[in-house]
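Have a look at the structure below, then the notes.
Derivation of every value follows stated rules applied to the coordinates shown; laboratory data play no part. All figures in this text were calculated on a predicted structure; none of them were measured in a lab. Because the Cβ atoms are built from the backbone with ideal geometry, glycine has one as well, and the counts that use them run over all protein chains shown.
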4 protein chains.
Amino acid sequence: MTFGIDTKGVYPIAATPFHPDGVLDTASIDRMIDFYHEAGSTGITILGIMGEAPKLEPEESLAIVKQVVARSKIPVVVGVSAPGFAAMRRLARDAMDLGAGGVMIAPAPHLRTDDQITNYFNQAVEAVGTDVPWALQDYPLTLTVQMSVPVISRIMADHASCIMLKAEDWPGLEKLSALRKAQAEGRLRPFSILTANAGLFLDFEPERGSDGAMTGYAFPDMLVELDALHRKGERDAAHDLFDLHLPLIRYEQQPVVGLAVRKHVLMRRGIISSDTQRKPWPALSATAREEVDYLLSRIARKDPRAAI
Amino acid sequence: MTFGIDTKGVYPIAATPFHPDGVLDTASIDRMIDFYHEAGSTGITILGIMGEAPKLEPEESLAIVKQVVARSKIPVVVGVSAPGFAAMRRLARDAMDLGAGGVMIAPAPHLRTDDQITNYFNQAVEAVGTDVPWALQDYPLTLTVQMSVPVISRIMADHASCIMLKAEDWPGLEKLSALRKAQAEGRLRPFSILTANAGLFLDFEPERGSDGAMTGYAFPDMLVELDALHRKGERDAAHDLFDLHLPLIRYEQQPVVGLAVRKHVLMRRGIISSDTQRKPWPALSATAREEVDYLLSRIARKDPRAAI
Amino acid sequence: MTFGIDTKGVYPIAATPFHPDGVLDTASIDRMIDFYHEAGSTGITILGIMGEAPKLEPEESLAIVKQVVARSKIPVVVGVSAPGFAAMRRLARDAMDLGAGGVMIAPAPHLRTDDQITNYFNQAVEAVGTDVPWALQDYPLTLTVQMSVPVISRIMADHASCIMLKAEDWPGLEKLSALRKAQAEGRLRPFSILTANAGLFLDFEPERGSDGAMTGYAFPDMLVELDALHRKGERDAAHDLFDLHLPLIRYEQQPVVGLAVRKHVLMRRGIISSDTQRKPWPALSATAREEVDYLLSRIARKDPRAAI
Amino acid sequence: MTFGIDTKGVYPIAATPFHPDGVLDTASIDRMIDFYHEAGSTGITILGIMGEAPKLEPEESLAIVKQVVARSKIPVVVGVSAPGFAAMRRLARDAMDLGAGGVMIAPAPHLRTDDQITNYFNQAVEAVGTDVPWALQDYPLTLTVQMSVPVISRIMADHASCIMLKAEDWPGLEKLSALRKAQAEGRLRPFSILTANAGLFLDFEPERGSDGAMTGYAFPDMLVELDALHRKGERDAAHDLFDLHLPLIRYEQQPVVGLAVRKHVLMRRGIISSDTQRKPWPALSATAREEVDYLLSRIARKDPRAAI
């Protein structure tokens, strides 16, 4: 399946693995990509906020795109948000030339009014080119930009190349319903909606109309299973699985410390070799590690994937 | 027990009940206070953010203080945060004259530097009087003011009348540990810490050193039970109870819509007569109500309190 | 002239005079109102941000409205911005009952999207009543709310009772031109525009279409003269007068310290008895006072009003 | 003179000249550098916010550093602020290898508490290397980070390689006095202070203790003359010159549109060939151009430099 308006399923947000000395860990990248495949993902997103993108040098970003695209059998979406359009254009064009499925663009943090936001995406699309499929990231908690339903609708109307909304507003359930209602009534063209905000509402979002998840939870295999239960309409079973993992999902959703938790769990699961992050990031305290391990042990009572 | 540095247990944040026409519902206030008593609360907090304090006229605020203090057998803490110190002083003095146990003060939203924050509280304490016991509210998610451990330490050192920290930073676990460590090492004087942020980390906070909870979750009776399990060191049982309620706690923690959920559940539990809020607040959609009811039914499979 | 869509001229933003002990100085209020009359003002605005409104108790605010309205022969506009609509409604209705010409409403600081802003004013107008004429304050530098031309247009279209824009965006000249163009082309109904932001662009704003000034510069008599020069089309003379005062205008436009400068100059001019402010505000340092006095002495070389 | 703690005089913030098609205009760069020399500058700052640094690709930034350093006979300071430390380190090391005199670092926009800010600069200095002399940029109006006197003092105490403060807080005069007082009393080590915020207070800042100016006003030659008058203690003459230019300084200080004005004036003065900016930036309207030209003509009545 290509990266298009009918995209469904789970797109894990990839971490960027480093060796303890901070150098890119290419062996772990391969292992991680293979793991995402085996987990049943329908695509992969790299160089997002959780991928420590701003801490990479341009050559490193490109090397990661190259390696991931070469190995992946599913579409690769590349985060290209940048402080300026020159850098955004460069990374987007290079990524597409290397075989990426599309890109993801977030609004710049200073945007406030509806017009400022829509103008920004007009310029972004002009910069990357109208031929590049892209996902619109709606993440006010971190980005501080609030995009209303009318603004998202305008962006979608103006740019046929925008084929997906990464929905992570908070609260976000009513917004999801409003967008799907507008589409059902023909006021808004179709596009894919994958939800995120660390997966904190993945028990209800598919019922509200989402097509899947794009998030970095360290159990993408569980996300795929959850997605399948939702598709089959097995509400209780879906909630049982979600509720089992919610304590850890909630722990990972914490700002700043969340990524440390994710890398720790990915390492514990044998997917990446080290949970090293580039600065500036706090290390996980011994107490926090014990808490995460305790949460894992509780999940493992019912889900063997967590028995690590 | 008075409101002091050794305060422990659960202080529910009271909602402010209105009749459907927006008038104060005094009968519901009485019922709610009685319910908090029966639930085993050790104190009550009124006129907080969740109590719709900014939507009340000064006379109404005073009337609420009067009624609650007269009926309550446990300490009543009154939120007195205000745009100016004149109004803060007025409400604090009036509340204490009526018999309140103390007040709660949040930093004004424009504060940024450490000095600005500590100066603000110097002026606040001068305004309300050094004889008024108060709780310091640390809630950056909503208030946008970030108070570091050194800043909290300075405020505590400067003001003997500050007897409690309402801890709701996010992430907050390491901060809690750092404060308790400073106290254990004698670098910081003793004070009570009740945690909040809707209770999202009440499974770990007592292990990190908190003395209890000050939050508006619609099941304060469950919070009291959870607190007791923690005090008894029954870790697994505490987590089992917490995890059972986490899906609803998480749902109530949403900004803006959270209060609507709480009032809805309190109404469903028969504690208040109407879930009316004063504007500006969105009503709960029919879908959201169904979701909340579904979450309640899932909790009710193991906790009869939710069978409503 | 009433406070209406054809309002022109100068509306000084009144300071709130206090005695050195912080008590309201009613004699200075009378003297200040008389001074505004003699200066040729066409209206007066009270209880604005510069009037230290948040530092007043409700009874004090009302007492000020009563005194000013009773003494003034020109329309009095009352700032009624408040954290909640109950307090806003109360002050607005009381002020109108006492004979105020209208009210001024600023957006609440948390508003971001166009819809949030327009909804806010829908609720504000519902609260104060559709019969109360009001001025819309557009002051993003202090209020952090950015209102685009389409948003202002929507508010004006929705609320016939909004008869004035207090324009103090920064930069603001192109916005002024865009609004006047929309009116000239019939896409926007007529309303008065008085500009502010401390008067920092009063040399060009009338040429861009403004109707006058609503600001607290300590020389409202100079503002009236400047306004007259603009009306007569004497561009060079208007700029000469403006440029003469610009160093002090610029000094007064500073955040936080600006009000201290204004009260100091008003006191030096004999209009108020004391430059006391209520906390929290920094006092003017001796060096700053010397700087202000030096600026006054330089203006006084050409403008005798500054010879004090 | 090297870039050191005894640096004095004027460091113009260089614009980045583009051809109308957006390509770097290297001939204009040479002409601009020569002009800064002839104007009497003591140093040059490139790749600052006003230099459209975020709109450049990494290779372009490096090419500019190379060209400017090769041509300049005075120290060149390179802005290296970046979203991550990897990019910051890379540019800083490359710039120093090419012969730059030092770098300039601004705090990342998300920093709030004193500890967050000082930690950030600890990591920045670790990244660029303790052997690289740098200027600390204090510009809250644009960067939203507020650094108090104690924070600046801590940074200066911790990092001997920080040899300059670019002071552009607003209000900033009392801060300047407080820093100089701390140095005079031996509580703070010596460092150079150049002021900015577009030069809006260059009439008083030298009297408060600043060593000169680092700003992009389109008349650096006037800034040099102003600086000399201050050094000679000719207060009235300094203010006369400053006041003459203040209307244009104020016009250039506007956010967003300010850079368009500067490039326009630099083009009118024959220093750069085109006033083209890279997106996203608004063009100067015809009315704004006329206003700038009118301001120039008024200055030109007394200062022939403005007769263009």
Three-way shape label, the range B:93-203, alpha-carbon gyration tensor, a/c 1.5: rounded
Gyration tensor (Cα) of the range D:36-126, equivalent ellipsoid semi-axes in angstrom: 25, 14, 12
GluC sites (Glu not before Pro) restricted to DSSP loop in the range A:173-236 with at most 16 other C-beta within 10 Å: A:Glu185, A:Glu234
Radius of gyration, Dmax [the protein assembly as shown; alpha carbons; angstrom]: 30.7, 87
GluC sites (Glu not before Pro) within the range D:1-104: DSSP coil, no more than 11 neighbouring Cβ in 10 Å: none
Cα centroid separation - the range A:194-249 against the range C:127-141, whole Å: 45
Dipole magnitude of chain D, debye to nearest 20 (Cβ charges: Lys/Arg +1, Asp/Glu -1, about Cα centre): 20
DSSP bridge orientation in the protein assembly as shown - percent antiparallel, rounded to nearest 5: 5
Peptide-level mean, for D:252-258, of C-beta atoms on other protein chains within 10 Å: 3
12 Å beta-carbon shell around A:Ala157, net charge (K/R +1, D/E -1): +2
Exceeding the 23 Å Cα-Cα cut-off - candidates D:Lys73/D:Lys279; C:Lys73/C:Lys175; B:Lys8/B:Lys232; B:Lys232/B:Lys302: D:Lys73/D:Lys279; C:Lys73/C:Lys175
For the range B:33-100 and the range A:71-91, distance of Cα centres in Å: 53
Exam field: B:Pro109 pseudo-label spacings to other copies (7 Å along Cα-Cβ), nanometres: 0.6, 1.9, 1.9
Cβ charges +1 (Lys, Arg) and -1 (Asp, Glu), total dipole of the range D:90-240, debye: 420
Copy-to-copy label separations for B:Arg278, where each label sits 7 Å from Cα toward Cβ, in nm and ascending: 2.0, 5.1, 5.2
For the range B:224-241, Karplus couplings with θ = phi - 60° (6.51, -1.76, 1.60), whole Hz, Gly/Pro x: 5, 5, 4, 4, 5, 4, 4, 4, 7, x, 8, 4, 4, 5, 4, 5, 4, 5
Average Cα contact separation per residue, chain C, under 8 Å, 6 or more apart, as relative contact order %: 20
Chain D, closest residue to the rotation axis toward C, by beta-carbon, whole angstrom: D:Leu246, 3
Test item: Cα-centred dipole of the protein assembly as shown, Lys/Arg +1 and Asp/Glu -1 on Cβ, debye: 0
Average beta-carbon neighbours from other chains, 10 Å sphere, peptide A:103-114: 3
Residue of A:His230, A:His264, A:His159 that the Gaussian network model of chain A assigns the largest fluctuation, springs spanning Cα pairs under 10 Å: A:His159
Shape category assigned to the range A:250-308 from the gyration tensor of Cα positions, a/c cut at 1.5: prolate
Cα convex hull of the range B:9-242 - mean projected area over all directions, nm²: 12.3
Counted charge near B:Gly99, where neighbours are those whose Cβ lies closer than 13 Å (Asp, Glu -1; Lys, Arg +1): +2
Positive-end extreme of charge dipole, the range A:9-242 - chosen from A:Pro20, A:Leu241, A:Pro58 (charges on Cβ): A:Pro58
Charge context of B:Asp169, other residues only, Cβ under 11 angstrom, K/R +1, D/E -1: -1
Number of partner chain Cβ atoms within 10 Å, mean per residue of D:199-210: 3
Candidates per trypsin sites (Lys or Arg not before Pro) in the range C:244-308, loop by DSSP, up to 10 other Cβ within 10 Å: C:Arg301
